[in-house]
Amino acid sequence: MNDVVICLFAAAGFDKGAQGLAGAGRRLADELGGRLRAVVIGAGSETLTQEVARVADAVTVADQAELAEYQPETCLTALAQLCGGLRPRAVLLANDTYSQEIVPRLAHRLGGGAVGDCVEVRAAEGGALRVSRQVYGGKAQAVIELKRSPAVVWLRARAFAPAASRAESCEVTRAALDIEADTRTRVVERRREGGGESRLEEARVIVSGGRGIGGTEGFETELKPLAELLGAQMAASRAACDAGWVPPTWQVGQTGKKVTPELYLAVAITGAS
């Protein structure tokens with residue numbers, strides 16, 4: 001089949017990453033001549049379902065009690081059942097932590113191929129799909145052809161334009177899956193960022209500091225005034241986060257959040273060790 005499935009988690013919401021995911025799925029489905037199907041996982045998905053229904057041809061919601069909170073094994077089983085029944089050409093996910101964790105394992109269960117951090121996805125000759133991703137720190141771009149179906153891919157946030165709302169009505173169904181809650185892992189503690197700060201994935205301007213800042217005080221006295229002057233969101237390197245100078249949610253770079261702001265400043269303090 002030439003259908004495209006996009007997978008969204010209610011906990012992640014319909015942020016710019018999810019909007020770009022829906023846009024990429026819509027364009028790929030139109031290119032393949034198939035339908036765009038959306039799968040929404042988790043409780044509290046009403047708003048997300050309404051938003052994605054404006055773009056997709058069909059939406060399947062899985063919000064039963066076992067999926068109320070994100071558990072990797074349980075959500076993976078749910079997605080494998082849903083996507084396996086639809087038999088799509090491609091399964092697309094966003095760049096949230098949940099999606100990145102699940103993509104390679106979902107591809108294995110579906111018998112397909114997996115690629116992450118993609119900035120372009122399109123149909124190729126012979127039934128394959130081609131995806132592009134940046135390599136060598138953005139200095140080059142790799143084009144990968146996925147010949148095994150389905151292609152299971154997570155997309156970089158803000159690399160894809162949202163899709164326009166469709167006039168046609170969308171079919172919304174609720175799935176009743178045969179799954180059991182995974183008891184091998186449990187949530188011990190949850191910590192949330194302060195409600196006043198915007199997410200790094202949503203920021204237009206980012207000012208980032210690293211080891212050269214010298215410590216927590218450097219972020220307060222050197223970086224914060226610059227960020228306030230530019231109206232920027234503060235971020236940090238892995239070294240600064242690992243040292244405990246700033247929260248781990250500030251981390252950007254190859255092992256942190258993948259961000260594509262309009263302006264990105266990496267600040268170093270001359271003479272610092």
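The values are calculated or read from the model by the stated rules, or taken from the named source; none is laboratory data. Keep in mind the model is a prediction, meaning the values are calculated, not measured. Neighbour counts run over all protein chains shown; Cβ positions are idealised from the backbone, glycine included. Accessible surface is based on the protein model in full, side chains and every heavy atom, while ligands, DNA and RNA are left aside. Shrake-Rupley method; radii C 1.70, N 1.55, O 1.52, S 1.80 Å.
Data for the structure
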item	result
Qualifying trypsin sites (Lys or Arg not before Pro) for segment 110-145 [loop in DSSP, other Cβ within 10 Å: at most 11]	Lys139
Rel. contact order, % - alpha carbon contacts under 8 angstrom, at least six apart, segment 1-154	23 percent
Overall form of segment 38-102 per C-alpha gyration tensor (a/c, 1.5; a/b vs b/c)	rounded
Fraction of alpha-carbon pairs over 35 Å apart in the chain - percent	22 percent
The chain: calculated mean residue ellipticity at 222 nm from DSSP helix runs of at least 4, using -39500 (n - 2.57)	-7500 deg cm²/dmol
Cα-based shape type of segment 116-172, given that a ≥ b ≥ c are square roots of the gyration tensor eigenvalues and the cut on a/c is 1.5	oblate
Over the chain, relative contact order from alpha-carbon pairs under 8 Å, at least 6 apart, %	19 percent
Percent antiparallel among DSSP beta bridges (both partners in the chain, rounded to 5)	25 percent
Cleavage-rule hits (GluC sites (Glu not before Pro)) in segment 76-181: DSSP loop, at most 13 neighbouring Cβ within 10 angstrom	Glu168, Glu180
Accessible surface, per residue, of the chain when the full set of protein chains is kept, probe 1.4 Å, Å²	52 Å²
The chain - percent of accessible surface contributed by carbon and sulfur, probe 1.4 Å	47 percent
Anisotropy class of segment 1-112 from Cα gyration tensor, a/c 1.5 cut	oblate
Aspartates and glutamates with Cα under 20 Å of Lys147, excluding same-chain neighbours fewer than 8 positions away	Asp3, Asp30, Glu31, Asp117, Glu120, Glu125
